[in-house]
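Trainee: After the structure tokens below, expect a handful of questions from me.
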Amino acid sequence: MPEPIPIPPLFLERMSRFLGDEYPAFAESLTHDPVHGLRVNTLKLSAGEFRKFSPFPLGDKVAWCDSAYCLLPSASSPGLHPYHLAGLYYLQDPSAMSAAELLGPRPGERVLDLAAAPGGKTTHIASLMQGQGLLVANEIKTKRLNHLVVNVERWGAANVVVTNETPERVADHFGAYFDRVIVDAPCSGEGMFRKDVRARLDWSEQMVAGCAVRQTNILRVAAHLVRPGGHLLYSTCTFAPEEDEAVITRFLREHPDFEVEALPQLAGFMPGKPEWMGEKTISKKQNDELRGAVRLFPHRLTGEGHFACLLQRKDGPADELTFPWRSAKIPTLEWQVWQAFREETLGLDFPSGRLRMQGNRLYFVPEDVPDLKGLRMTIPGVWLGNFKKERFEPAHPLALYLRPGQAHNVLALSSDSREMAAYLRGESLPSVGRPGWTLVTADGWPLGWGKRVQGVVKNHFPKGWQVYS
Ligand code: SAM
């Protein structure tokens with residue numbers, strides 16, 4: 001057995017200094033296993049409905065997130081279950097679920113997740129917006145993008161656009177366009193030490209200082225993206241005050257048009273700790289404001305470590321920002337091909353004003369979608385499929401956008417059947433019935449496509465998503 005990676009002693013020393021009497025309980029909590037949570041995709045079903053047929057033992061509801069449960073340790077491989085592949089839930093640390101709830105997005109708003117991969121907050125925000133309005137999920141690192149795209153596609157939300165840009169270029173493009181912006185910043189990850197051994201190895205005081213510089217820069221850029229009266233949520237999964245209260249303090253000094261909006265101190269939350277910064281020059285007003293942030297600790301609640309602070313840009317005249325999409329209309333031939341496919345295969349319609357072509361791909365885009373030209377972009381909406389000469393081939397995200405009962409041709413499999421395992425391995429399945437595009441379902445939940453030809457459903461489950469076992 002390899003030696004366990006220790007928690008850095010200097011980190012513990014710092015925490016002992018910060019927490020005082022609470023430190024022993026905190027140190028003890030670090031010896032426990034991490035807590036895992038399961039957040040139900042409320043675009044597809046309610047948390048209560050999921051609980052009734054959950055294949056895993058679920059514990060208590062997460063106190064600050066109505067759609068989530070704590071997973072009991074006996075839950076085995078929930079990430080590999082067909083329900084996960086069908087986008088019925090997202091696995092996430094319960095504390096991380098606080099951020100989207102505290103951001104408070106509403107249906108119909110324009111929301112930006114500036115540091116989005118792998119998509120935990122994005123999927124949560126999409127559900128809270130009920131798939132309405134616009135949610136731009138941006139990730140700077142191309143190698144982290146695939147995870148984000150897969151999670152967004154699985155979620156089946158009709159209001160998400162994914163971009164792959166620097167914050168600066170996002171700000172240059174949109175300006176003060178968004179009602180709400182979340183900066184879930186890259187950080188030293190102290191709050192993840194129980195579950196992330198890498199974070200323990202990488203940690204140092206120099207790293208904390210480096211993260212603080214990067215966070216300050218990202219937040220400075222994010223300020224340009226918030227409309228007057230709009231909100232900006234800054235969150236990290238670290239306890240270091242240099243990366244939390246100190247970043248906010250610097251931001252407030254530079255941005256007199258922003259103020260802290262005090263967050264609710266929910267079950268077990270701790271208010272922001274301006275005194276941990278050791279700054280002597282902080283005013284009473286700033287001190288009071290910083291106490292409106294929240295800190296989540298593993299010894300106070302069921303979850304890992306997190307920090308969040310909500311800022312509001314003062315109201316003022318907003319620029320009239322519109323970005324009409326300039327792409328060409330769908331040519332007549334493609335339009336007819338799509339309509340023929342839709343009538344034959346799907347039991348739902350898509351408003352024609354929200355269909356866009358990009359190359360030979362057809363997308364269902366968010367209502368009021370802005371022009372995204374010039375941005376490095378991966379997906380402008382739900383990828384419906386590709387035109388191939390005079391045929392239309394449906395894409396996997398279309399299957400995941402569908403709800404039970406929305407396809408004419410279905411191959412209904414039980415989630416724990418041998419056929420399901422074979423489908424997820426990429427195998428074709430014998431099946432009699434109407435030929436053509438067939439939606440494969442897991443206990444009724446849309447999972448992917450197959451094409452029935454002469455008594456066999458050929459497998460169209462994407463290769464990268466297949467489960468090999
Ligand atoms: N919000 C994500 C979620 O809930 O799944 C987690 C985000 S993670 C804490 C921070 C993200 O910031 C990473 O995906 C990382 O690639 C990105 N990042 C790193 N450096 C950045 C920078 N300079 N500007 C913007 N984002 C950056």
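The values are calculated or read from the model by the stated rules, or taken from the named source; none is laboratory data. In this text the structure is predicted, and so the values were computed from the model without any measurement. Cβ atoms come from the backbone with ideal geometry, glycine included; neighbour counts cover every protein chain shown.
Trainee: Would you please list the contacts, defined by Cβ atoms under 8 Å and residues six or more apart or on different chains, that run from a residue in the stretch 11-26 that is aromatic (Phe, Trp, Tyr) to a residue that is assigned to a helix (DSSP H, G or I)?
Mentor: These pairs meet every condition: PHE11/GLU190; PHE18/TRP276; TYR23/MET15; TYR23/SER16; PHE26/MET15; PHE26/LEU19.
Trainee: Next question. In the stretch 152-178, which residues are in contact with an Asp or Glu (Cβ under 9 Å, 6 or more places away or on another chain) and not in a strand (DSSP E or B)?
Mentor: The answer is ALA158, ASN159, ASN164, GLU165, HIS173, GLY175, ALA176, TYR177.
Trainee: Something else now. Can you pull out every residue in the stretch 136-150 that is near the ligand (Cβ under 8 Å from one of its atoms), buried (at least 19 other Cβ atoms within 10 Å of the Cβ) and assigned to a helix (DSSP H, G or I)?
Mentor: Listed by number, the list holds a single entry, LEU148.
Trainee: Next question. Any idea which of (1) within 11 Å of the ligand (Cβ to nearest atom); (2) small (Gly, Ala, Ser); (3) in contact (Cβ under 8 Å) with a residue 60 or more places away in the chain is the one GLY189 doesn't satisfy?
Mentor: (3)
Trainee: Checking the condition of a type outside the set (Phe, Trp, Tyr) and either within 30 Å of GLY444 (Cα to Cα) or in contact with a Phe, Trp or Tyr (Cβ under 7 Å, 6 or more places away or on another chain) (or both), which residue from ASP60, ASP33 passes?
Mentor: Going through ASP60, ASP33 in turn, just one is of a type outside the set (Phe, Trp, Tyr) and either within 30 Å of GLY444 (Cα to Cα) or in contact with a Phe, Trp or Tyr (Cβ under 7 Å, 6 or more places away or on another chain) (or both): ASP60.
Trainee: Going residue by residue through the stretch 260-274, is there one that turns out to be of a type in the set (D, E, K, R) and free of Cβ contacts under 8 Å to residues at least 40 places away in the same chain?
Mentor: No, the conditions are met nowhere in the stretch 260-274.
Trainee: Could you say whether any residue in the stretch 277-296 is outside any helix (DSSP H, G or I), loosely packed, with under 15 Cβ neighbours inside 10 Å and touching a strand residue (DSSP E or B) at 6+ places or on another chain (Cβ under 6 Å)?
Mentor: No, the stretch 277-296 contains no residue that is outside any helix (DSSP H, G or I), loosely packed, with under 15 Cβ neighbours inside 10 Å and touching a strand residue (DSSP E or B) at 6+ places or on another chain (Cβ under 6 Å).
Trainee: Follow-up question, since we're still on this one. Name the residues in the stretch 151-189 that are aromatic (Phe, Trp, Tyr) and either surrounded by fewer than 19 Cβ atoms within 10 Å (Cβ to Cβ) or at pLDDT below 95 (or both), would you?
Mentor: PHE174, TYR177
Trainee: Let me ask you something else. Taking the stretch 66-125, which residues are under 19 Å from VAL152 (Cβ atoms), touching a residue at least 60 places away in the same chain (Cβ under 8 Å) and among the hydroxyl-bearing types (Ser, Thr, Tyr)?
Mentor: Selection gives SER67, TYR83, TYR90, THR123.
Trainee: Can you tell me which residue in the stretch 158-168 is nearest to ALA222 (Cα to Cα), limited to those that are within 15 Å of the ligand (Cβ to nearest atom) and in contact with a Leu (Cβ under 7 Å, 6 or more places away or on another chain)?
Mentor: The qualifying residue nearest to ALA222 (Cα to Cα) is PRO167.
Trainee: Mind checking which strands (runs of 3 or more DSSP E) fall wholly inside the stretch 310-422 and carry at least 3 residues that are closer than 30 Å to ARG227 by Cβ and free of Cβ contacts under 8 Å to residues at least 60 places away in the same chain?
Mentor: 355-358
Trainee: Another question, if that's okay. Give the residue, chosen from ASN386, ASN409, that is within 20 Å of ARG154 (Cα to Cα) and over 22 Å from the mean Cα position of the chain (by Cα).
Mentor: Exactly one of ASN386, ASN409 is within 20 Å of ARG154 (Cα to Cα) and over 22 Å from the mean Cα position of the chain (by Cα), namely ASN386.
Trainee: Ok, one more. Taking the stretch 354-378, which residues are at pLDDT 90 or above and of a type in the set (A, V, I, L, M)?
Mentor: The answer is LEU355, MET357, LEU362, VAL365, LEU375.
Trainee: Does ARG361 count as in contact with a strand residue (DSSP E or B) (Cβ under 6 Å, 6 or more places away or on another chain), basic (Lys, Arg) and closer than 26 Å to PHE174 by Cα?
Mentor: Considered against the rule, which asks whether it is in contact with a strand residue (DSSP E or B) (Cβ under 6 Å, 6 or more places away or on another chain), basic (Lys, Arg) and closer than 26 Å to PHE174 by Cα, ARG361 comes out as yes.
Trainee: Working only within the stretch 78-126, note down all residues that are part of a helix (DSSP H, G or I), of a type in the set (A, V, I, L, M) and either within 25 Å of ASN217 (Cα to Cα) or away from the ligand (no atom under 16 Å from the Cβ) (or both).
Mentor: Hits for the stretch 78-126 are LEU80, LEU85, ALA96, MET97, ALA99, ALA100, LEU102, LEU103, ILE125.
Trainee: Counting only residues that are more than 22 Å from GLU190 (Cβ to Cβ), at pLDDT 95 or above and under 30 Å from the mean Cα position of the chain (by Cα), give me the helices (runs of 4 or more DSSP H) lying completely in the stretch 1-74 with at least 1 of them.
Mentor: Qualifying helices (runs of 4 or more DSSP H): 47-53.
Trainee: Same structure, new question: Looking at the stretch 432-456, I want the residues that are closer than 13 Å to TYR83 by Cα and have a partner that is part of a loop (DSSP other than H, G, I, E, B) with Cβ atoms under 6 Å, at least 6 apart or on another chain. Which pairs are those?
Mentor: ALA442/ALA86; ALA442/SER415; ASP443/SER415; GLY444/PRO404; TRP445/ALA86; PRO446/LEU402; LEU447/ALA86; GLY448/PHE461
Trainee: Here's a follow-up. Note down all Cβ pairs under 8 Å where the first residue falls in the stretch 198-216 and is within 15 Å of PHE11 (Cα to Cα), the second is not in a loop (DSSP other than H, G, I, E, B), and they're at least six residues apart or on different chains.
Mentor: These pairs meet every condition: ALA199/GLU190; ALA199/MET192; TRP203/PHE11; TRP203/GLU190; SER204/LEU10; GLU205/LEU10.
Trainee: Which of the residues that make up the stretch 226-271 are under 10 Å from CYS309 (Cα atoms) and either in contact with a Cys (Cβ under 6 Å, 6 or more places away or on another chain) or of a type in the set (Val, Ile, Thr) (or both)?
Mentor: The answer is TYR234, THR236, ILE248, VAL260.
Trainee: Just for the stretch 202-249: of the residues that are within 16 Å of the ligand (Cβ to nearest atom) and basic (Lys, Arg), which one is surrounded by the most Cβ atoms within 10 Å (Cβ to Cβ)?
Mentor: Selected residue: ARG220.
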